[in-house]
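Read through the structure below, which is laid out as structure tokens, and then see the notes.
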Amino acid sequence: MTTVASLASIAALIGDPARAAMLVSLMDGRALTAGELAGAAGVAPPTASGHLARLLDAGLLAVERQGRHRYYRIAGAPVAATLEGLMALGSDLATATCKPVRTGPRDPALRRARRCYDHLAGEVAVGIADALEARDHLRFGTDGGLVTEAGLDFLATLGVELDAGRGGAAFCRPCLDWSERRPHLAGTVGRALYAALAAKGWIRQPRTGRAVTVTPLGQMELHRHFGIALG
């Protein structure tokens with residue numbers, strides 16, 4: 001049960017301008033590093049680390065480790081709903097306390113689509129994952145991912161060759177996107193999807209570098225199958 005003391009404690013945490021700026025910066029669904037959140041709040045990195053530790057302890061934030069990086073995100077829907085309500089009460093909060101946070105590469109081509117080891121990353125890859133999740137073809141969790149039976153059938157229509165008997169994180173897993181800071185699809189499924197898109201001529205693999213080209217055919221088909229609109 002929520003007590004008066006715990007309510008006051010949470011309110012005090014959110015009420016600090018720097019911590020409020022960090023929380024609001026995460027409301028777009030991205031995961032950001034401590035350095036990026038320090039920039040958004042206009043505080044020094046050591047100060048940001050202290051604030052983030054308190055927000056983690058209170059359960060307002062969750063942290064995800066990927067390689068040597070730590071990415072912070074809103075802990076869940078109840079936290080986001082609370083912040084949304086507070087922002088509605090004070091509509092100037094977001095613009096008054098937050099600096100824009102730019103993540104990932106500056107090159108638009110890399111931001112749109114690129115190789116992430118053996119699978120697709122960038123705006124296109126995150127859009128595909130979002131569409132699959134929205135249709136319950138794909139389910140991402142904290143410990144991995146799952147392609148549903150309907151998802152396996154749908155991917156098969158695109159020429160994605162998968163063994164339905166396989167499972168586990170190596171088969172399907174979320175990979176936090178460098179530029180979008182939301183997950184794209186990795187593992188065996190991500191690798192097979194990348195190969196299928198290339199084989200169908202929807203994307204062209206880079207000869208050098210990491211930028212992947214989405215062909216005119218790919219733009220049309222990505223819109224038709226996933227609702228991704230690329231100008």
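The values are calculated or read from the model by the stated rules, or taken from the named source; none is laboratory data. Everything numeric in this text was worked out from a predicted model, so none of it was measured. Please note: Cβ atoms are built from the backbone with ideal geometry, for glycine as well, and neighbour counts cover all protein chains shown. Side chains are part of the model used for accessible areas, which takes the heavy atoms of the whole protein and leaves out ligands, DNA and RNA. Shrake-Rupley method; radii C 1.70, N 1.55, O 1.52, S 1.80 Å.
Worth a mention:
- Distance (nanometres) between label positions extended 7 Å along Cα→Cβ at A134 and D107: 2.9
- MRE, 222 nm, helices only [DSSP H, n ≥ 4, -39500 (n - 2.57), over the chain, to nearest 500]: -14000 deg cm²/dmol
- Sequence-distant contacts, meaning Cα pairs under 8 Å at least 6 residues apart, place the relative contact order of the chain at 16 percent.
- When the chain is treated as a Gaussian network with alpha carbon springs shorter than 10 Å, the biggest mean-square fluctuation among H184, H51, H119 belongs to H51.
- In the complete set of protein chains, residue-level accessible area for D163 is approximately 90 Å², probe 1.4 angstrom.
- Net charge of Cβ neighbours under 15 Å - reference F154; Lys, Arg +1; Asp, Glu -1: -3
- Largest first, the residues S6, S179 sort by 1.4 Å accessible area into S6, S179.
- Once backbone amide H atoms are built at 1.01 Å from N, T215 has I203, R204 as its partners under 5 Å, excluding neighbours fewer than 5 places away on the same chain.
- Put simply, the amide H of F171, placed in the peptide plane, has neighbours under 5 Å in T188, leaving out anything fewer than 5 places away on its chain.
- Split the accessible area of the range 111-212 by element, probe 1.4 Å, and carbon with sulfur accounts for 48%.
- Candidates L162, L86, L197, ranked by Gaussian network fluctuation over the chain, Cα under 10 Å, top entry: L86
- The residues M22, M27, M220, sorted by heavy-atom accessible surface at 1.4 Å with ligands and nucleic acids left out, run M220, M27, M22 from largest to smallest.
- The candidates D153, D57, D107, arranged from most to least accessible area with a 1.4 Å probe in the full protein assembly, appear as D57, D153, D107.
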